[in-house]
1. Mind checking Rg over Rh on the range 128-229, alpha carbons, Kirkwood formula for Rh?
2. I'd like to compare 115-126, 72-83, 26-37, 157-168: which one has the highest average count of other Cβ atoms within 10 Å, and what's the full order after that?
3. Report the net charge of residues surrounding Ser72, where surrounding means a beta-carbon distance below 14 angstrom and charges are Lys +1, Arg +1, Asp -1, Glu -1.
4. How far apart, in nm, are the 7 Å Cα→Cβ label points at Ile106 and Ile13?
5. What FRET efficiency would be calculated for the residue pair Met170, Phe21, taking the C-beta separation as r and a Förster radius of 25 Å, to the nearest 0.05?
6. What is the calculated FRET efficiency for Tyr145 to Ile198, with r their C-beta to C-beta distance and R₀ = 30 Å, to the nearest 0.05?
7. Using every pair of alpha-carbon atoms in the chain, split the distances into 10 Å bins beginning at 0 and state the percent of pairs per bin, rounded to integers.
8. For an R0 of 30 angstrom, estimate the FRET efficiency from the Cβ-Cβ distance between Met154 and Leu122 and round to the nearest 0.05.
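The values are calculated or read from the model by the stated rules, or taken from the named source; none is laboratory data. From a predicted model like this one, the values you see are computed outputs, not experimental measurements. Cβ coordinates were reconstructed from backbone atoms using ideal geometry, including for glycine residues, and neighbour counts include every protein chain displayed. The accessibility values were calculated without ligands, DNA or RNA, using every heavy atom of the protein model including side chains. Shrake-Rupley method; radii C 1.70, N 1.55, O 1.52, S 1.80 Å.
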Amino acid sequence: MTAFLLTSIVLFIIWLAILLFSNETRREQVIMSVVGLVLSPAVLVIVAEDYRQLVSDTASVVGIEDLIFAFSLFGIAAVIYQVLIGKHAHKLRKGRYEMEHVGHWIAHLVLVLGIWAFASLLFIHVFEISSINALIVGGLLVGIYIIADRHDLMMNALLSGLFLAALVFMTEQIFFVRLFPVDAAGFWQLDAAATFLIGGVPLQELIWAATVGFAIGPLYEWLRRIELK
C-alpha cells in the first residue's frame, strides 16, 4: 500500500457518501467520474517528469491510487456545487438550449477535453512552461469558454473550484502530508517543483484542483443544456 493510497481512499469515501445521499446528481457524478478515470493516465504521464515522481528509469507507472483519486476527483467536481448549495437541475427551454442527442453531447465532450489536452501540450512544447501549469491554463481556457457561452453557470464554476481546492487541501494535508511527510516530498518532487507550500501541500496542486472544479463543475450542465435553480 503506497502512502498516497490512503488519501485516494478517503476521497473515494467522500465520493461514495455523495453518491448515496444525493439521488439527483448520481448520473452526472458517475459519468464524470468515468471521464476522469479515462483521462487520468494521460494526465499523470504528462506531469510525471517534472512534477510527480511517477517515472522510473525503465517505465512510467500509474498506480491504482492515482486512478481512484482521479475517478473520485472528477465525480465530486461535477456535483459539489449542487450538493453543497442545494441547487436542482432543470432542462432549459426549447430552442438554443434544447436537450441534445446522447451521441451529440458525447462528441462535444470529447471535443472539449481534446481541446484541453491540445492546449496543454501546446503550452508545454511551444512556450516551454511546466506541465502542471500547462494543464491549469488549458483547464482555465475551457472553463472560461463555458462561462462565456452560459453566464448562468459562472457561480457553478467558481464555487466548484473553490470547494474542490478546499477538499483536496484537507484530504492531502491530513491524510498524506502529516502522516507521510517523506513520501509526500518525494511524490511531488518538491525541490524540482520549486513551488510555494500551503500546509505542506504545493500551491500548484491546489490550483490544479481548483481548475478541475472550475472546468468540470459546469461541464455536464453545459453539454446537456441544463440550468440549476
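1. With Rh from the inverse mean 1/r over Cα pairs, Rg/Rh is 1.06.
2. Listed from highest to lowest mean packing, they are 72-83, 157-168, 26-37, 115-126.
3. Combined, the nearby Lys, Arg, Asp and Glu give -3.
4. Taking the simple label geometry, Ile106 and Ile13 are separated by 3.5 nm.
5. Between Met170 and Phe21 the formula returns 0.85.
6. For R0 = 30 Å, the calculated efficiency reads 0.55.
7. The calculated distribution, bin by bin, is 8, 33, 37, 17, 4, 0.
8. Approximately 0.70, to the nearest 0.05.
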